[in-house]
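Take a look at the structure below.
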Amino acid sequence: MSFIDPITVTATRRAERAFDVPASVDTIDAATIRDGQPQVNLSETLSRIPGVFAANRQNYAQDLQISSRGFGARAAFGVRGVRLYQDGIPVTMPDGQGQTGSFSLLSAQRVEILRGPFSALYGNASGGVISVFTEDPPDVPYLAFTGGGGSYGTGTFGVKLGATSGRVGGVVAASEFITDGYRDHSSARRDLTNAKLVLNATPDTRLTLIGNTQFQPETQDPLGLTRAEWSANPRAADPAATQFDTRKTINQAQAGAALDHRFDDALQLHVDAYGGQRMIRQYLALSGIGATSSGGVPDLDRDYGGVGARIVWRTRAFGQPLAVTVGADADRMHELRKGFVNDNGRIGDLRRNEDDTVRSTDVYAQAEWDISLRWSATAGIRTSSVRYG
């Protein structure tokens, strides 16, 4: 007789069997992510998750639009209302906006999708959570290459290396995606790297270091078409796209560290810290030349980072198992936001010059009590504060 290995998830901020979690949580494994898929967009696998809608507009200057049970459906660009994580480190900024383009599916071990009220454990205005986890270092070293191609100048190439030596192991992956696009003025290129280093300092202490980059230069934006324009030529770009040379450049680098320590079977500690920089310049389909305009070329330079810690205590109450989780997070983002006139695809005069800061702090606690073999009770509380300056 054979048995299926139990699936472990972290939806309640601690590792549990998926069957025991009283929440709507799904897990997509590595085989599903990679088999027969180009591994370019998260929408390739999210389509199988009930309650989650991922609109892939095949416009890499706009990224995916993701909604979970309606949360995030009104976001014009980026992902709002759904929090994004990479190996436990937030990809969603303190102001609530996130981008899925930095996820490396080549090195992903699994993707967890949490829907419903339990996602409030992860932050303010969170209607859902999408977490991508990098695979652990292998016991046997490997070197793997992947590649593919298709119509309209589409191609992918990736390389991945994993090894373990003594108490230290690592996984490094790099990939590139290119396309000329089905429509005019829609070419794109995306370069991703992702690295994970694990140090098992002692049998009870584990240190994980991760780092990733995203470079997406001069991604063209063909804009939308009316029904009449599409009927005449579905591959055409809006005339304004060529007039203003609409395009977007993204350059992001992020690094983080996580420390897990087990004091004993009843008490465990997790501490993480991260930091990064994200630079965006986008040419919109307008000049922004007016005296009160903020410009037709937004230029964003963001520095962000944060720390978090939580303790999980397992004990018994009235003879039944009780697990208590207490934690806190603090995040900060500093943004230099400028806006320039779009002089038909060239940088013009300065129209906006802002210095913005967003800070968020969160404190939460949760208790899970197994009343009996069939019944369990869960109670939690969270307080969040977001300040703009």
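Annotations
- J(HN,Hα) series, segment 193-198, from Karplus relation 6.51 cos²θ - 1.76 cosθ + 1.60, nearest Hz, glycine and proline x: 10, 8, 9, 9, 10, 10
- For segment 254-268, the Karplus equation 6.51 cos²θ - 1.76 cosθ + 1.60, evaluated at θ = phi - 60°, returns couplings of 9, 9, x, 9, 9, 10, 10, 9, 9, 5, 6, 5, 9, 9, 10 Hz by residue, with Gly and Pro reported as x.
- Measuring nothing but how far apart in sequence close Cα pairs (under 8 Å, 6+ apart) lie, relative to its length, the chain scores a relative contact order of 10 percent.
- For the chain, built as a Gaussian network whose Cα springs stay under 10 Å, the top-fluctuating residue of 90, 239, 222: 239
- For residue 294 and residue 58, a Förster radius of 25 Å and the Cβ-Cβ distance give a FRET efficiency of 0.30, rounded to the nearest 0.05.
- Positive dipole terminus of the chain, leading residue within 53, 237, 162 (C-beta point charges): 53
- Cβ charges +1 (Lys, Arg) and -1 (Asp, Glu), total dipole of the chain, debye: 560 debye
- Least to most buried among 300, 223 (fewest other Cβ within 10 Å first): 300, 223
- Mean sequence separation of contacting Cα pairs (under 8 Å, at least six apart), scaled by the length of segment 234-276, corresponds to a relative contact order of 32 percent.
- Amide H contacts for residue 154 (H built 1.01 Å from N in the peptide plane; partners 5 or more residues away or on another chain; cut-off under 5 Å): 180.
- Placing R0 at 56 angstrom, the Cβ-Cβ distance between residue 271 and residue 182 gives a FRET efficiency of 0.75 after rounding to 0.05.
- Cα convex hull, segment 127-198: 116 Å³ per residue, rounded to a whole number.
- Near residue 102, no amide H atom lies under 5 Å from its own; only residues 5 or more places off or on other chains count, and H is placed 1.01 Å from N.
- Positive minus negative residues near residue 351 (Lys, Arg vs Asp, Glu; Cβ under 13 Å): -1
- Packing-based exposure ordering (other Cβ within 10 Å, fewest first) of 48, 227: 227, 48
- Calculated from backbone phi, Karplus (6.51, -1.76, 1.60) coupling profile of segment 307-322 in Hz, x at Gly/Pro: 9, x, 8, 8, 10, 10, 10, 10, 8, 9, 10, 6, x, 10, x, 9
- Result for the chain in a Gaussian network model with C-alpha springs under 10 Å: among 256, 70, 88, the largest mean-square fluctuation is at 70.
- Among 311, 113, 28, 250, sorting on how many other beta-carbon atoms sit within 10 Å of each Cβ, with the fewest leading, yields 311, 28, 250, 113.
- Net charge of neighbours whose Cβ lies under 11 Å from the Cβ of residue 306, counting Lys and Arg as +1 and Asp and Glu as -1: -2
- Computed FRET value (nearest 0.05) for residue 367 with residue 31, which takes r as the C-beta separation and R₀ as 35 Å: 0.45
Bear in mind that the values in this text are calculations on the coordinates, not laboratory data. All figures in this text were calculated on a predicted structure; none of them were measured in a lab. Using ideal geometry, Cβ is built from the backbone for each residue, glycine included, and neighbour counts are taken over all protein chains shown.
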